[in-house]
Amino acid sequence: MELNGSSSNAHQNHSSEGSRDASKEKSTEKEVFVNHAEIAWHQRRKEWVGNQSKKLERPPKDPIVSLATSYEDLLLSTEPFQQPIPLAEMVDFLVDSWHEEGLYD
């Protein structure tokens, strides 16, 4: 008997909670949700990526690694590069070298 009594009390409590939730929804409908995490993510991404319009205006640079340079030349050289090599250029160089050696399919 107590189970039935406790379950009916639980049902009554649940229905009163539902009406409270409905009244909360009405009061918060006017508020607009602002996703601060998304805004921060976009700001950080913009800082990291930079201004793309400036990148498009720059004339293409000559490659730092000469086309005549071989993979072995890079490995055996102890001299530092005069300037940093962009990652995209280095990846292209390595892929080309690996294709020539049959290491990259």
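Laid out as a table, the results:
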| quantity | calculated |
| --- | --- |
| From the options K46, K54, residue that is assigned to a helix (DSSP H, G or I) and either modelled with pLDDT of 80 or more or in contact with a Gly (Cβ under 8 Å, 6 or more places away or on another chain) (or both) | K46 |
| Cβ pairs under 8 Å, 6+ apart, first in the range 62-82 and under 10 Å from F93 (Cβ atoms), second open to solvent by 90 Å² or more (accessible area, probe 1.4 Å) and among the hydrophobic types (A, V, I, L, M, F, W, C) | I64/F81 |
| Members of the range 68-105 found to be among the charged types (D, E, K, R) and outside any loop (DSSP other than H, G, I, E, B), listed by number | E72, D73, E89, D92, D96, E100, E101 |
| Some residue of the range 6-15 being modelled with pLDDT of 55 or more and assigned to a helix (DSSP H, G or I) | no |
| Extreme residue, farthest from the chain's Cα centre (by Cα), among residues of the range 57-67 that are modelled with pLDDT of 70 or more and either in a helix (DSSP H, G or I) or hydrophobic (A, V, I, L, M, F, W, C) (or both) | L67 |
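The values are calculated or read from the model by the stated rules, or taken from the named source; none is laboratory data. For clarity, every value in this text was computed on a predicted model and none was experimentally measured. Note that each Cβ is placed from the backbone with ideal geometry, even for glycine, and that neighbours are counted across all protein chains shown. SASA here: full protein model, heavy atoms, side chains in, ligands and nucleic acids out. Shrake-Rupley method; radii C 1.70, N 1.55, O 1.52, S 1.80 Å.
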